[in-house]
1. Quick one: residue 156 ticks every box in (1) touching a strand residue (DSSP E or B) at 6+ places or on another chain (Cβ under 6 Å); (2) in contact (Cβ under 8 Å) with a residue 60 or more places away in the chain bar one, so which box is it?
2. Is there any pair linking a residue in segment 4-31 that is over 20 Å from residue 45 (Cα atoms) and open to solvent by 50 Å² or more (accessible area, probe 1.4 Å) to one that is in a helix (DSSP H, G or I) and among the β-branched types (Val, Ile, Thr), with Cβ under 6 Å and at least six apart or on different chains, and which?
3. Just checking: which of the helices (runs of 4 or more DSSP H) contained wholly in segment 208-287 hold 3 or more residues that are open to solvent by less than 50 Å² (accessible area, probe 1.4 Å)?
4. Do you know which of the residues in segment 87-125 that are among the aromatic types (Phe, Trp, Tyr) and within 28 Å of residue 262 (Cβ to Cβ) is most open to solvent (accessible area, probe 1.4 Å)?
5. Being at pLDDT 95 or above and out of contact with any helix residue (DSSP H, G or I) (no Cβ under 8 Å at 6 or more places or on another chain) is the filter; apply it to segment 232-248 and report the residue that is farthest from residue 164 (Cα to Cα).
6. Where residues in segment 169-190 are open to solvent by less than 50 Å² (accessible area, probe 1.4 Å) and in a helix (DSSP H, G or I), which of them is farthest from residue 12 (Cα to Cα)?
7. Return yes when residue 260 is more than 19 Å from the chain's Cα centre (by Cα) and basic (Lys, Arg) and no when it is not.
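The values are calculated or read from the model by the stated rules, or taken from the named source; none is laboratory data. Since the structure is predicted, the reported quantities are computational estimates derived from the model, not experimental observations. Here the Cβ positions follow ideal geometry from the backbone for every residue, glycine too, while neighbour counts run over all protein chains shown. For the accessible areas, the whole protein counts, side chains as well, though only heavy atoms, and no ligand, DNA or RNA atoms are used. Shrake-Rupley method; radii C 1.70, N 1.55, O 1.52, S 1.80 Å.
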Amino acid sequence: MTGKKILVTGSRGLLGSSIIKKLQCDNIVGLDRGFDITNQKYVLKILNDVKPDIIIHAAAYTNVEDCEFNQDKAYIVNTIGTQNIVNYCINKDILFIYISSTGIYGTSKNEPYSEFDDVRPTTIHHKSKYEAEKIVKNHLNQYLILRTGWLYGGEKSHNKNFVYKRFLEADNKDVIYSDDSQIGNPTYVIDFIEQISVLIKQQQYGLFNCVNEANSVTRYDYVKKIVELFEIKCSVEIAPKDMFKRIAPVSSNESAQNYKLNLLKMNTMPVWDKSLIKYINILKDTK
């Protein structure tokens, strides 16, 4: 990526802020909430000023529950907002990287999804993300659509730091509860960014699952491992059925496999718990 100007939307989010910190190059521009992706004229003006070679589109309306009540906002931000940036990229030599979700696959399987499985999203959030994927595919040649899930990492202070929040929750309690009804891939944001770098350097385009390897890992397994690695004397119990009742009809299976990355022998994503150990050790060393 030497010499390439990179633009990152959602630069204060968990992923966006980690990209800015990890890449640490002079030629990277971060745009956050002040960058209104729903305003097409404004988007075109800013992008014309920046003239990026690579756009990593990490900005999104991510509150899955709220999307059920705010359908218009979900589609305006996640779908139309993406369309506005795509419109700028058409017929330009720009790599557009769209961050999508393994949650879009839906409920058709109990095993991890591959990129060749049907997509049947069950929530407004995931429908809006899938519609954005289709816009990217239909209008651009140089693109990466990366489906990831259960991203964690970042600074302790970040409001989306799931791992550190579980530490704080468990630190002064004898028991905490976690849901065992959903499986997925806890994915370390730094592993994800390093995989993006590999795909860019190898000049790959198209759709890829991009998650840490995990086999039937539930939220309960994930939280229990977090507490265990922090060495906290707190028991993690399976939550009663209605304790974490959700309004959004989320899939019970958000797990995926990096099938295409494996076929191409480009998969650099480690097993989930090895990366979790690495990250928690970093948190322990951070005052």
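1. For residue 156, the failing item is (1).
2. 22/193
3. So the answer is 219-229, 272-285.
4. Looking at residues that are among the aromatic types (Phe, Trp, Tyr) and within 28 Å of residue 262 (Cβ to Cβ), I get 116.
5. Going through the qualifying residues, I end up with 237.
6. 170
7. Considered against the rule, which asks whether it is more than 19 Å from the chain's Cα centre (by Cα) and basic (Lys, Arg), residue 260 comes out as no.
Yes or no, residue by residue, for (1) outside any strand (DSSP E or B); (2) under 23 Å from residue 156 (Cα atoms); (3) among the β-branched types (Val, Ile, Thr):
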{"site": "4", "(1), (2), (3)": "yes, no, no"}
{"site": "8", "(1), (2), (3)": "no, yes, yes"}
{"site": "20", "(1), (2), (3)": "yes, yes, yes"}
{"site": "34", "(1), (2), (3)": "yes, no, no"}
{"site": "45", "(1), (2), (3)": "yes, no, no"}
{"site": "52", "(1), (2), (3)": "yes, no, no"}
